[in-house]
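Enquirer: I'd like to ask some things about the structure below.
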Amino acid sequence: MIKTFLILLSFLIAHNINAQQNITVHFLYGSKPAKGFKHEEKKWFGGKKGGHVTIEAGDSIIGFQPGGNCHVFGKKKNANGYFNAKQKEIFIKDTVALKYTSIIIPLNEDGYSKIKNTLNNYLKKSPYDYAFLGMRCAAATYDILEETGVVKKRTRMGKWVSFFYPQLLRRRILKAAAENNYAVVKTKGRASRVWEKE
C-alpha cells in the first residue's frame with residue numbers, strides 16, 4: 001500500500017513539474033551617460049525614467065516599440081507600434097553590460113499557452129498604436145501579463161496611466177515576486193552610465 005502511494009505521489013510530482021513552464025519579465029533600467037563618458041555613451045529615450053520591458057517565452061524575447069516617430073495620442077490609422085521578437089542568444093549578448101532586473105514567473109500549461117498565443121498574435125499585428133499618452137512597453141507588457149492571472153484586469157487607459165513608465169510596472173511585479181516567491185535576477189550595468197535606482 002505504501003509503495004503504491006509513493007509511486008502515485010512521484011508520478012503526480014513529476015507530472016506537475018513537466019506541466020510547469022516559465023516566462024521571464026526583463027526590465028531594462030533607464031539611464032544617462034555618466035560624467036566623462038558623454039562622447040562614448042548616447043542619450044537614451046526617457047533618460048533615467050526611461051528603460052524598456054520585454055517578456056521572454058521560450059527562446060524569444062518580445063517587446064513593444066514604435067516603428068517610427070512616437071505619436072502623442074494613439075491612432076487607429078497610421079498606427080506604428082509593433083511587437084518585436086529577439087532570439088535569446090542575441091539578447092544575452094546585447095544586454096551583458098546593461099542594468100536589468102529579470103523576474104521569472106512559473107505558469108501552468110494553460111497559462112503558458114495563453115501567453116504564447118497572445119504573443120504570437122501580437123507579433124503578427126499589434127492591437128494598438130505606440131503613443132506617449134497611450135500604450136507603450138510597460139502598459140503593453142501588463143496587457144500580456146493579464147493572461148497569466150499574475151495581475152488584475154484593467155482598461156486600456158488604466159494600463160497606460162498606471163504604468164506610464166517601466167519603473168512603475170517593475171515595482172508592481174517585484175511586489176508580486178515577493179508575495180509568490182518568484183526568482184529575481186539582477187545585473188548592475190556598466191559604470192559609463194548613471195542608472196536609475198529602485
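The values are calculated or read from the model by the stated rules, or taken from the named source; none is laboratory data. Computed from a prediction, not measured in an experiment: that's the story for all the values here. Virtual Cβ from ideal backbone geometry, glycine too; neighbours counted across all protein chains shown. Ligands, DNA and RNA are excluded from the accessible area calculation, which covers all protein heavy atoms including side chains. Shrake-Rupley method; radii C 1.70, N 1.55, O 1.52, S 1.80 Å.
Enquirer: Got a number for residues in the range 132-173 being among the charged types (D, E, K, R) and either open to solvent by less than 40 Å² (accessible area, probe 1.4 Å) or touching a residue at least 60 places away in the same chain (Cβ under 8 Å) (or both)?
Expert: The qualifying residues number 5.
Enquirer: Give just the number: which of (1) over 25 Å from Gly68 (Cβ atoms); (2) among the polar types (S, T, N, Q); (3) open to solvent by less than 30 Å² (accessible area, probe 1.4 Å) does Asn180 not satisfy?
Expert: Asn180 satisfies all of (1) over 25 Å from Gly68 (Cβ atoms); (2) among the polar types (S, T, N, Q); (3) open to solvent by less than 30 Å² (accessible area, probe 1.4 Å) except (3).
Enquirer: For the subset of the range 17-50 comprising residues that are among the aliphatic types (A, V, I, L, M) and over 21 Å from Cys137 (Cβ atoms), which member is most open to solvent (accessible area, probe 1.4 Å)?
Expert: Filtering the range 17-50 for residues that are among the aliphatic types (A, V, I, L, M) and over 21 Å from Cys137 (Cβ atoms), the one most open to solvent (accessible area, probe 1.4 Å) comes out as Ile17.
Enquirer: Then there's this: Consider the range 101-116. How many of its residues are in a helix (DSSP H, G or I) and either of a type in the set (Asp, Glu) or open to solvent by 20 Å² or more (accessible area, probe 1.4 Å) (or both)?
Expert: So the answer is 6.
Enquirer: Of the residues Phe27, Phe91, only one is in contact with a strand residue (DSSP E or B) (Cβ under 7 Å, 6 or more places away or on another chain), assigned to a strand (DSSP E or B) and at pLDDT 85 or above; which?
Expert: Step by step, each of Phe27, Phe91 is checked, and only Phe27 is in contact with a strand residue (DSSP E or B) (Cβ under 7 Å, 6 or more places away or on another chain), assigned to a strand (DSSP E or B) and at pLDDT 85 or above.
Enquirer: Please specify each residue of the range 127-156 satisfying the condition of being modelled with pLDDT under 95 and of a type in the set (Gly, Ala, Ser).
Expert: Answer for the range 127-156, where residues must be modelled with pLDDT under 95 and of a type in the set (Gly, Ala, Ser): Ala131, Gly134, Gly149.
Enquirer: Further question: Just checking, does the range 81-94 include any residue being of a type in the set (Ser, Thr, Tyr), touching a helix residue (DSSP H, G or I) at 6+ places or on another chain (Cβ under 7 Å) and surrounded by 13 or more Cβ atoms within 10 Å (Cβ to Cβ)?
Expert: No: the range 81-94 contains no residue that is of a type in the set (Ser, Thr, Tyr), touching a helix residue (DSSP H, G or I) at 6+ places or on another chain (Cβ under 7 Å) and surrounded by 13 or more Cβ atoms within 10 Å (Cβ to Cβ).
Enquirer: Can you pull out every residue in the range 63-88 that is of a type outside the set (S, T, N, Q) and over 17 Å from the mean Cα position of the chain (by Cα)?
Expert: Once the filter is applied, which keeps residues that are of a type outside the set (S, T, N, Q) and over 17 Å from the mean Cα position of the chain (by Cα), the range 63-88 yields Gly67, Gly68, Cys70, His71, Val72, Phe73, Gly74, Lys75, Lys76, Lys77, Ala79.
Enquirer: Another one. Being among the aliphatic types (A, V, I, L, M) and at pLDDT below 90, is that true of even one residue in the range 30-37?
Expert: So far as the range 30-37 goes, no, none of its residues is among the aliphatic types (A, V, I, L, M) and at pLDDT below 90.
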